[in-house]
Amino acid sequence: MKKVVKFGGSSLASAEQFEKVGAIIRADANRRYVVPSAPGRRFPKDTKVTDMLYHCYATAAEGRNFHEELYAIRGRYTEIVEGLGIEVPLAEEFNVIEKNFAAKIGEDYAASRGEYLNGRIMAAYLGYEFVDAAEVICFDEEGVFDSEKTDKVMNERLKKIERAVIPGFYGAMPDGRIKTFSRGGSDITGSIVARATRAALYENWTDVSGFLLTDPRIVDNPVVISTITYKELRELSYMGASVLHDESIFPVRKAGIPINIRNTNKPDDPGTMIVKTTGAKSKYTITGIAGRKGFVAVNVEKDRMNSEIGFGRKVLEAFEMYGISFEHMPSGIDTLSVFVEQEAFEPKEQAVLAAINRMAQPDVIKIDTDLALIAVVGRSMKDARGTAGRVFASLAHARINVRMIDQGSDEENIIIGVKNDDFEAAVRAIYQIFVDVQL
Ligand code: ASP
């Protein structure tokens, strides 16, 4: 059984954190492929090495003196290497980096050095082989990630290596230029390595004990979700929940490999398992609650709308013309509402309304602003009677007016629209009725 383990920046911010990580890896011989991030924050006001690198490179690119900034970055690594008591040729590495910065080699190269150096240190510390991500993560000429080529190249390479460290976040284009994923992209690398090595499990080690059932800024100490499906996770993260990079689920999902979110600082906590399918019922009927503020509902009315073929298309086309994507579209017999993000919609409001009037010729258009959408997600909801009843009873009890209800056709989610000002209270009410009351 092979496991791929990815460690986030806060898990690798200091020598002390490295030691915890070392102990975790040594505790299980199956943890054979390690994907590190760059050193993150050691304390809340600290700066991540990746941010330091972006800043330092911007200074270099402007032709200004960047040596002091680079020296501070080197200091972060020196501290780790000395703290661990290992030998890593940092002076040589930084000479190369300095030359490349002076030659203005590119921002992606600059940012990638955070993971590259941490990978070098990690390999030396564990006694594992170092495999540069530039050799096994492939982007095409346009800088688009090439998943199939990467899978082949990486599989060939790692097949022959028992234990390796592969730095996260970057790869290279065919001409050798370094290219990074978007921020937080080491999660994606971990997933790619798991697929390419045909691993049984992808462990993603971070600084929380898994996904929480809802946002801890709204509910105090929410419970941890023990098992969640990829689909549920997509629904929740689309609505604002985040622990894992959005794109990181695709490679493992394709290969059917589960992800286990774990806490480096509490290695005994089981964390959250993210799986393709499961028979395990979620303990609280619902799996999670997430939501976002800042939506507008554009309500369109027209007599006998339901018999007019193409009406919905005409309305949506008006949004499409102005590049606005819609989130939800609940409808009645003679009404149809389109939910869009307020920020994107506001500057184009009049143009979109004019287009709807022109193309769909409705009787009335009404705009409802400052709305929040809440997604109540759970694979077990369809088998539990009264789930919707409980959601709405809890909201009524909290004196919250529900402006919109939409249930996904797979019955795995209920989307509720409320006023922005009611958002937090609504989330708390739903949380309470499912978790605290547990009827
Ligand atoms: N170090 C990179 C960032 O800060 C990538 C990562 O940590 O996943 O975004």
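How about region 11-33: which of its residues are more than 20 Å from Gly85 (Cα to Cα) and either near the ligand (Cβ under 10 Å from one of its atoms) or aliphatic (A, V, I, L, M) (or both)? Quick ask: steps written out before the conclusion?
From region 11-33, those more than 20 Å from Gly85 (Cα to Cα) are 27-33; that's our starting set.
Within region 11-33, Ala27, Ala29 meet the criteria.
For first residues located in region 97-111 and surrounded by 20 or more Cβ atoms within 10 Å (Cβ to Cβ), partners that are aliphatic (A, V, I, L, M) and lie 6+ apart or on another chain with Cβ distances below 6 Å form the pairs Phe101/Ala60; Asp108/Ile178; Tyr109/Ile178; Ala110/Leu53; Ala111/Leu53.
Out of region 68-96, which residues are under 23 Å from Ala164 (Cβ atoms) and touching a residue at least 12 places away in the same chain (Cβ under 8 Å)? Show your work before the answer.
Of region 68-96, the ones under 23 Å from Ala164 (Cβ atoms) are 77, 80-81, 84-90, 92-93, 96.
Residues satisfying the conditions are Tyr77, Ile80, Val81, Leu84, Ile86, Glu87, Val88, Leu90, Glu93.
Within region 176-200, the residues that satisfy the criterion of being touching an Asp or Glu at 6+ places or on another chain (Cβ under 8 Å) and away from the ligand (no atom under 16 Å from the Cβ) are Arg177, Arg195, Ala196.
Look through region 342-363, keep the residues that are among the acidic types (Asp, Glu) and either open to solvent by 70 Å² or more (accessible area, probe 1.4 Å) or free of Cβ contacts under 8 Å to residues at least 12 places away in the same chain (or both), and return whichever of them is nearest to Arg313 (Cα to Cα). Selected residue: Asp363. Determine which member of the set Ala425, Ala429, Ala375 is within 30 Å of Lys276 (Cβ to Cβ) and among the small types (Gly, Ala, Ser). Of the residues listed, the single one that is within 30 Å of Lys276 (Cβ to Cβ) and among the small types (Gly, Ala, Ser) is Ala375. Residue count for region 246-261 under the criterion of being in contact (Cβ under 8 Å) with a residue 60 or more places away in the chain and crowded, with 21+ Cβ neighbours inside 10 Å: the result is 5. Within region 316-341, restricting attention to residues that are assigned to a helix (DSSP H, G or I) and open to solvent by 20 Å² or more (accessible area, probe 1.4 Å), the residue that is farthest from Val402 (Cα to Cα) is Met321. Checking Asp151, Asp146 one by one, the residue that is more than 16 Å from the ligand (Cβ to nearest atom), open to solvent by 40 Å² or more (accessible area, probe 1.4 Å) and within 30 Å of the chain's Cα centre (by Cα) is Asp146 and no other. Checked against (1) surrounded by fewer than 18 Cβ atoms within 10 Å (Cβ to Cβ); (2) in a helix (DSSP H, G or I); (3) modelled with pLDDT of 95 or more, Lys382 passes all but condition (3). Within region 34-60, the set of residues being crowded, with 19+ Cβ neighbours inside 10 Å and away from the ligand (no atom under 16 Å from the Cβ) comprises just one member, Ala60. In region 301-315, of all residues being assigned to a helix (DSSP H, G or I) and open to solvent by less than 40 Å² (accessible area, probe 1.4 Å), the one that is modelled with the highest pLDDT corresponds to Val315.
Would you be able to say whether some residue in region 146-154 is in contact with a Lys or Arg (Cβ under 7 Å, 6 or more places away or on another chain) and closer than 28 Å to Ile261 by Cα?
Here is the first cut: in region 146-154, the ones in contact with a Lys or Arg (Cβ under 7 Å, 6 or more places away or on another chain) are 151.
From what's left, closer than 28 Å to Ile261 by Cα: 151.
Checked against the condition, which is being in contact with a Lys or Arg (Cβ under 7 Å, 6 or more places away or on another chain) and closer than 28 Å to Ile261 by Cα, region 146-154 yields at least one hit.
Within the option set Val418, Val402, Val427, being in a loop (DSSP other than H, G, I, E, B) and in contact with a strand residue (DSSP E or B) (Cβ under 8 Å, 6 or more places away or on another chain) holds for one residue only, Val402. Number of residues in region 187-202 that are within 26 Å of Gly378 (Cβ to Cβ), of a type outside the set (Gly, Ala, Ser) and crowded, with 23+ Cβ neighbours inside 10 Å: the value is 2.
Scanning region 164-186 for residues that are open to solvent by less than 30 Å² (accessible area, probe 1.4 Å) and free of Cβ contacts under 8 Å to residues at least 60 places away in the same chain turns up Gly171, Ala172, Met173.
The values are calculated or read from the model by the stated rules, or taken from the named source; none is laboratory data. This structure is a prediction, so every number in the text was calculated from the model and none was measured. We place every Cβ from the backbone using ideal geometry, glycine too, and count neighbours over all the protein chains shown. Please note that ligands, DNA and RNA were not included when accessible areas were found on the heavy atoms of the full protein model with its side chains. Shrake-Rupley method; radii C 1.70, N 1.55, O 1.52, S 1.80 Å.
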